[in-house]
Amino acid sequence: MQQKINIDSSIKFFISVIGIIAIVLTLKELSHIFIPFVIAYFLFFIFSPLNNFLARKWLPEAAIILIDILITGFVIWGIFKLIIDSFIHFTEGLPIYLNKLDRIISESAVSFGISDPNFTNFSIQNFIKSIDLSKIAGGLFESTFSFFGSVFFILFFFVFIVPGHKIIYEAIKRRYLKSDKTDRRSESLNYPDLNEGKIYLGEKSNKENNIKEEKLASAFNLITEQIQKYIITKIGLNLACGVAVTILLSLLGVDFPIVWGLFTFLFNFIPTIGSAASLVLPALMALVQFESVSFMLLVAVTMGSLQTLFFNLFEPAIIGRKLNLNPLLVLISLLIWGYIWGIVGMLLSVPLTAIIKIILNNSDSPNMKFISDLMSNE
């Protein structure tokens, strides 16, 4: 005879907390494996509508994977080309701006009574000569090599995820649905006719399985939709902020407004650090171009207000509404996933949180439903 063991709710709570901590530490420790895998799975969800369309056209799976990889490579190449072209355009007038920056620093040092010749005769060219460029070049080469290595690792996972996703889905479905080979002998005793009882129980089991299968398929479809909604919304917000920055800097007369707008669009895919970089660079340009600290502060405050409006107010509210996530949860998830996976974790925090919410929402546990309700925006 099996004896049911009752565990106190507080013990269950602490066991759950320990389990969550163990999962977080595992994800953090094995980030070099989990990050490419998660990004590859996100790519699969992004390409899912296209892949389904191509599959309906009887295109072979190998050809579909090749098309996905070519599109991904083209997008990466396009982004790098935009960045490189912007830097080339910017560096054309760089010597003039560097000379003006030297004069600004020297005159500021004199006005503040600083007699140090390193400041009164400041030369950024001499400062650059004192830097060990070989180390910087080595670090840049290493970072570039690491980036392309990560891209290759992601595509390597992606090649196996496309055919393997169906197997994973079928395995989850077999585990999630009730087997038809259940023992109905004891239940059929309630019926006077054993065969009628078996038929009834079989129909009941099939009906329950159909409901669960629809629920499982709906959860997977919802995950795909949520990831696509997040990516489209994020691109739209970054693009809108980039256009607003371009227009604003054009009105203020700052040079290269399109370059700064492009940087705002690209850098703000990286939370916090990206926003700071896209703010500092045009502010420095305003200082060098107009040789006015007050004008530099005006540009910095105006751009900071724009980015705060878009990425601290609009983004949590819009993304929270579209993904049905509590805006407070969006900010908390940013910090938690940032701790686990750094900048990449911050970038993936919202869709990962949306997936967790979908999984919890499809659970039969009242506690999981409660947590899902707390995460919801409704």
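The values are calculated or read from the model by the stated rules, or taken from the named source; none is laboratory data. Computed from a predicted structure; not experimentally measured. No Cβ is skipped: glycine too gets one built from the backbone with ideal geometry, and neighbour counts run over all protein chains shown. The protein model used for the area step is the full one, side chains on, heavy atoms only, and it has no ligands, DNA or RNA in it. Shrake-Rupley method; radii C 1.70, N 1.55, O 1.52, S 1.80 Å.
Rundown of residues vs (1) within 30 Å of A62 (Cα to Cα); (2) at pLDDT 55 or above; (3) in contact with a Pro (Cβ under 6 Å, 6 or more places away or on another chain), yes/no style:
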{"residue": "G149", "(1), (2), (3)": "yes, yes, no"}
{"residue": "F152", "(1), (2), (3)": "yes, yes, no"}
{"residue": "F158", "(1), (2), (3)": "yes, yes, no"}
{"residue": "I161", "(1), (2), (3)": "yes, yes, no"}
{"residue": "L189", "(1), (2), (3)": "no, no, no"}
{"residue": "D193", "(1), (2), (3)": "no, no, no"}
{"residue": "K204", "(1), (2), (3)": "no, yes, no"}
{"residue": "E208", "(1), (2), (3)": "no, yes, no"}
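Here is a check on your reading of the model: is V288 assigned to a helix (DSSP H, G or I), aliphatic (A, V, I, L, M), farther than 26 Å from I336 by Cα and open to solvent by 40 Å² or more (accessible area, probe 1.4 Å)? In short, no.
Among the candidates L237, L279, L297, L249, the residue that is touching a residue at least 24 places away in the same chain (Cβ under 8 Å), open to solvent by 30 Å² or more (accessible area, probe 1.4 Å) and not β-branched (V, I, T) is uniquely L279.
Considering only residues of the stretch 45-70 that are crowded, with 19+ Cβ neighbours inside 10 Å and aromatic (F, W, Y), which is farthest from the chain's Cα centre (by Cα)? The extreme case among them is F47.
Only residues that are at pLDDT 85 or above, in contact with a helix residue (DSSP H, G or I) (Cβ under 7 Å, 6 or more places away or on another chain) and within 16 Å of L252 (Cβ to Cβ) were counted in the stretch 282-336, giving 12.
Entry remark, the stretch 355-364: residues being open to solvent by 40 Å² or more (accessible area, probe 1.4 Å) and either assigned to a helix (DSSP H, G or I) or of a type in the set (G, A, S) (or both) number 3 in total. Within the stretch 145-155, being under 17 Å from I46 (Cβ atoms) and surrounded by fewer than 16 Cβ atoms within 10 Å (Cβ to Cβ) holds for one residue alone: V151.
Here is a yes/no grid of residues against (1) assigned to a helix (DSSP H, G or I); (2) touching a residue at least 24 places away in the same chain (Cβ under 8 Å); (3) crowded, with 20+ Cβ neighbours inside 10 Å; (4) among the charged types (D, E, K, R):
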| position | (1), (2), (3), (4) |
| --- | --- |
| L331 | yes, no, no, no |
| I343 | yes, yes, no, no |
| V350 | yes, yes, yes, no |
| T353 | yes, yes, yes, no |
| N377 | no, yes, no, no |
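Listed by position, the helices (runs of 4 or more DSSP H) contained in the stretch 73-134 that have at least 2 residues being modelled with pLDDT of 70 or more, among the polar types (S, T, N, Q) and open to solvent by 60 Å² or more (accessible area, probe 1.4 Å) are 94-111. Within the stretch 214-229, the residues that satisfy the criterion of being within 15 Å of F44 (Cβ to Cβ) and open to solvent by less than 30 Å² (accessible area, probe 1.4 Å) are I223, T224, Q226, I227. Of all residues in the stretch 24-37, none are over 26 Å from the mean Cα position of the chain (by Cα), within 20 Å of I223 (Cβ to Cβ) and either open to solvent by less than 80 Å² (accessible area, probe 1.4 Å) or at pLDDT below 85 (or both).
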